[in-house]
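Engineer: Dropping the structure in here first, questions after.
Just so it is clear, none of the values below were taken in a lab; they were calculated from the coordinates. None of the values given here were measured: they were computed from a predicted structure. Here the Cβ is made from the backbone with ideal geometry for all residues, glycine too, and neighbour counts use every protein chain on show.
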Amino acid sequence: MSVEIIDFSVERKRPPRGSTILEVRDLHTQFDTEQGIVHAVAGVSFELKAGETLAIVGESGCGKTVTALSILGLLPHRQGRIAGGQILFHGEDLVPMTTKQLNTVRGDRIAMIFQDALTALNPVYRVGSQIAEMIRAHRDVTKQEAYERAVELLDLVGIPNAPRRAQDFVHQFSGGMRQRAMIAMAIALEPEILIADEPTTALDVTVQAQILDVVQEIGERMDMSIILITHDLGVVARIADRVMVMYAGRHIEAADTHDIYHAAKHPYTWGLLESMPRVDAETGKQLHQIGGAPPSLIDPPRGCRFAPRCAYVQPICETDYPEPQVVDGSSVVCHFAARPDWTADLDPTELRASLTREGGS
Amino acid sequence: MVRYTVRRIFITIPILLVMSVLTFMGARAVASPEAALRFNPRVRPEDIARYREQLGLDDSEFVQYTRWLGKFITGDLGNSLVARRPVGEMLAEALRNTMVLAIVALTVSLLIGVLIGIIAAVRQNSWFDYTTTGLSLLGIATPVFLVGLMLQLVLGVYLQRWLNTSEPIFYTAGMTSPGTQGFDLMDRLRHIALPATALAVQLIAVYSRYMRASLLEVLNSDYIRTARSKGISERRVLTKHGVRTALIPLTTQAAIDIGLLVGGLIITEVIFAWPGMGTLFLQALFDGDYVVILPWLMITAAAVFIANLIADLLYAVLDPRIRYA
């Protein structure tokens, strides 16, 4: 990585670190299927601050990827649509924008790294020219200049012998190389926001670490804000500043990374953390699992969506959806988050007992 | 790829040899060379016997086959039993005429079919999509002889009557008007219009369906989403990333189809009296002219092999994922 970065980014005033550059408000995204309308994202709100890395975590199908695709308007044309909410980028709403307007944002100011680079890159064009195409779409440069820049970028993300590899097709790359090429494309124009959708899922562990290093290093170097979508809590601990946990199309907890690992406030987050293998765990102890399966997103539960699987479930959970509340700096969507005894060590029977006591008094 | 090509050609040789045995046996079983003579009521049995001897028809099948094969390989195709013309010349002429018809019909069909396919895929489930889907099914289901006869009737006969012209706008038979000197493009076009349209009805139906399916698959792929995420125009996403990739299977299908059309236009050519391979074959079959039938079958078989080889090579050229070693 000895190559000097030629500045291809336009003179762009980066907002001061810590100011909000992206704000998603009450986002609703739906899909038409033969079984009915799937409410894949049902009221997600979050903020991304300049320079921070926000991790969105949750199990498969909880709406992480759909949230990301909604930001750039990349939902499948016919089936998917944003049914409500706002996506404010520097205060400007991306939701009502036409494709033409969105195209000035896509790639240039907000870029995306997709999960499986083998299918996410076009199989019939050379890797270098696919990167150059994106540069040419936003900058007034010649084909030659754009291509040279593409080679530099491939070198920057750690692809050896980049001038030659730029002429290869994606199927000639190894899994890690493909992901590096995807990253090279996404960072080509030094976007303000980089959305990485499970960038390491298809890779083996050692390569995963390398890819995350590349993302993190370049993110810092180019002063980008990163939205990292993952279900791997190990990855989160490694690079995220803040974490948003999603469940069944809704955010349920958002907090600083440290707080998520040490002072989580939502029973689902507790379950997630307990299901993570730990080096310091007792040997022979069975790994925790959250019983049951996520609810149907066609006909979701009326109250708290986690209620059917929650060990602490109370009658109110099944009827009322809890409002987000801020407790010790974390935003939590749970009726009981503000209770002083509300920690992962709380016994569900104790909760019941004390609730009865309080109700009686 | 050169090695692959050479190997493919070598594999073809034994297949063609086996084919030659089968066609020889088949042609000899079906076509009786002296049938043409028998139509003449004044032919005496001695004449037939002399004729059979001349052609060596009384030798064993094996001797006859090897004698024919030897001549065939050295390019000596002999003279037609009925037309008394060199068979090589007759086949070359018929092949040329058929290729003209096939290539015109194929080119037009590809252009129209691809266009319909693209629009139908981009506007999936629109009225255009449903209408063209219905028409395609109708086109595929309608036999070519029906389409041909309807065209002759409507665009040939009725049209002339309505316009009250001295000669038809579109001719219903032949390749040129009798007595035409040299190459008259308008005359040629007015002759080829109807047979090419009859063929195109089916080909457009097939190609538009094929293109629609191929493009829909491409448009639903991840790399189209990536292309959109790059901020390039929707038009460029569709043409450069969508259509370009979706055309690959269609191109190879068209290459295969050319091979099939060499021997596959019998009905169309007969209906429109087009002096091509199909007309030649049918005439030779009626005449029992096995001297024509045998090389005809070999050529049409070889055309299919060659076209398939070209299709495979084309695939490797167009799709970098495919490499033959």
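Engineer: Report relative contact order for chain A in percent, whole number only (criteria: Cα-Cα under 8 Å, sequence separation at least 6). Don't jump to the answer; show the numbers that get you there.
Structural biologist: Working: 634 pairs, mean separation 65.7, N = 361.
Normalised by residue count, the contact order of chain A is 18 percent.
Engineer: Using θ = phi - 60° and the Karplus curve 6.51 cos²θ - 1.76 cosθ + 1.60, what whole-Hz ³J(HN,Hα) does each residue of segment A:135-141 get, with Gly and Pro shown as x?
Structural biologist: Listing the rounded values in order: 5, 5, 5, 10, 10, 8, 10 Hz.
Engineer: Could I ask something else about it? Lysines within cross-link reach of B:Lys230: Cα-Cα under 26 Å, excluding same-chain residues under 8 positions apart?
Structural biologist: A:Lys13, A:Lys49, A:Lys64, A:Lys100, A:Lys143, B:Lys240
Engineer: Please list log₁₀ I(q)/I(0) at q = 0.10, 0.11, 0.14 Å⁻¹ for chain A, using the Debye equation with identical point scatterers on the alpha-carbon positions.
Structural biologist: Here the Debye-derived log intensity ratios amount to -0.66, -0.79, -1.20.
Engineer: Here's a follow-up. Just for segment A:179-335, what percent of DSSP beta bridges are antiparallel, to the closest 5?
Structural biologist: 70 percent
Engineer: Now, a different point. Subtracting the Cα-Cα distance from 0.36 nm times the residue separation, let me have the gained length for B:Ser32 to B:Ile256 in nm, one decimal.
Structural biologist: 77.3 nm
Engineer: What share of all Cα pairs of segment A:57-198, in percent, falls into each consecutive 5 Å distance bin?
Structural biologist: 2, 10, 18, 20, 19, 14, 10, 5, 1, 0
Engineer: Near B:Lys71, which lysines are there with a Cα under 30 Å away, not counting those fewer than 8 places off in the same chain?
Structural biologist: Within reach: none.
Engineer: Just to verify a number: FRET efficiency for B:Asp184 and B:Arg42, C-beta to C-beta distance, R0 = 51 Å, to 0.05?
Structural biologist: My answer for the efficiency is 0.75.
Engineer: Give a residue-ordered list of calculated ³J(HN,Hα) values for segment A:122-134 (Karplus: 6.51 cos²θ - 1.76 cosθ + 1.60, θ = phi - 60°; whole Hz; x for Gly, Pro).
Structural biologist: 5, x, 9, 10, 5, 4, x, 6, 5, 6, 4, 4, 5
Engineer: Next question, about the same structure. Rounded to the nearest 5, what % of the DSSP beta bridges within chain A are antiparallel ones?
Structural biologist: 65 percent
Engineer: Amide H of A:Ile56: which non-local residues (sequence gap of 5 or more, or other chain) have their own amide H closer than 5 Å, using H built in the peptide plane?
Structural biologist: Placed amide hydrogens put A:Leu228, A:Ile229, A:Thr230, A:Met244 under 5 Å from A:Ile56.
Engineer: Indicate the gyration tensor shape class of segment A:68-143 (rounded, prolate or oblate), computed on the Cα atoms with a ≥ b ≥ c the square roots of the eigenvalues: a/c under 1.5 is rounded; otherwise a/b larger than b/c is prolate and the rest oblate.
Structural biologist: It is oblate, given that a/c is not under 1.5 and a/b is not larger than b/c.
Engineer: Another question, if that's okay. Of all beta bridges DSSP finds with both residues in the protein assembly as shown, what is the antiparallel percent, to the nearest 5?
Structural biologist: Given both bridge residues lie in the protein assembly as shown, the antiparallel proportion sits at roughly 65 percent.
Engineer: Considering only the other residues whose Cβ falls under 9 Å of the Cβ of A:Arg17, what net charge follows from Lys and Arg at +1 and Asp and Glu at -1? List each step's numbers first, then the result.
Structural biologist: Numbers: positive: A:Arg14, A:Lys49; negative: A:Glu52, A:Asp223.
Net charge around A:Arg17: 0.
Engineer: For chain A, find the longest principal axis of its Cα atoms and tell me its angle to the long axis of helix A:175-186, 0 to 90°, nearest 10.
Structural biologist: It is inclined by approximately 80 degrees.
Engineer: Alpha carbon centre of segment A:33-108 versus segment A:221-289: separation in Å?
Structural biologist: Here the two parts' Cα centres lie 22 Å apart.
Engineer: Let me ask you something else. Using alpha carbons only, how many degrees (0 to 90, rounded to 10) separate the axis of helix A:143-156 from the longest principal axis of chain A?
Structural biologist: 50 degrees
Engineer: Then there's this: Binning at 10 angstrom from zero up to the longest distance, how are the C-alpha pair distances of segment B:68-153 distributed in percent?
Structural biologist: Final binned percentages: 14, 25, 23, 18, 13, 7, 0.
Engineer: Write down the Kirkwood hydrodynamic radius of segment B:143-270, to one decimal in angstroms, obtained as one divided by the mean of 1/r over all alpha carbon pairs.
Structural biologist: Mean inverse Cα-Cα distance, inverted, gives 17.8 Å.
Engineer: Give the long-range amide H neighbours of A:Arg250: residues separated by 5 or more places, or on another chain, with amide H under 5 Å away, using H modelled in the peptide plane at 1.01 Å from N.
Structural biologist: HN-HN under 5 Å from A:Arg250: A:Ala42.
Engineer: Taking a ≥ b ≥ c as the square roots of the Cα gyration tensor eigenvalues, with a/c under 1.5 meaning rounded and otherwise prolate when a/b beats b/c, else oblate, which class fits segment B:1-100?
Structural biologist: Because a/c hits 1.5 or more and a/b exceeds b/c, segment B:1-100 counts as prolate.
Engineer: Ok, one more. Through the Karplus equation 6.51 cos²θ - 1.76 cosθ + 1.60, θ set to phi - 60°, convert the phi angles of segment A:244-257 into ³J(HN,Hα) values in whole Hz; use x for Gly and Pro.
Structural biologist: Coupling constants for segment A:244-257: 10, 9, 10, 9, 6, x, 9, 7, 10, 7, 9, 7, 5, 4 Hz.
Engineer: Where does the protein assembly as shown land on the Kirkwood hydrodynamic radius, alpha-carbon pairs, in angstrom?
Structural biologist: It is 31.1 Å.
Engineer: Please give the Cα centre distance for segment A:149-165 versus segment B:246-261, rounded to the nearest Å.
Structural biologist: 38 Å
Engineer: Filter the DSSP H helices in chain B by two things, a Kyte-Doolittle mean of at least 0.5 and an axial alpha-carbon span of 24 angstrom or more, and list the hits by number. Show your work: numbers first, answer last.
Structural biologist: Values: long enough: B:2-30 (41 Å, 1.35); B:87-122 (50 Å, 1.96); B:185-219 (43 Å, 0.81); B:244-264 (30 Å, 1.04); B:290-318 (41 Å, 2.08).
Length and hydropathy pass: B:2-30, B:87-122, B:185-219, B:244-264, B:290-318.
Engineer: Same structure, new question: Give the distance, in whole Å, between the Cα centre of segment B:192-238 and the Cα centre of segment B:132-162.
Structural biologist: Between the Cα centres of segment B:192-238 and segment B:132-162 lies a distance of 25 Å.
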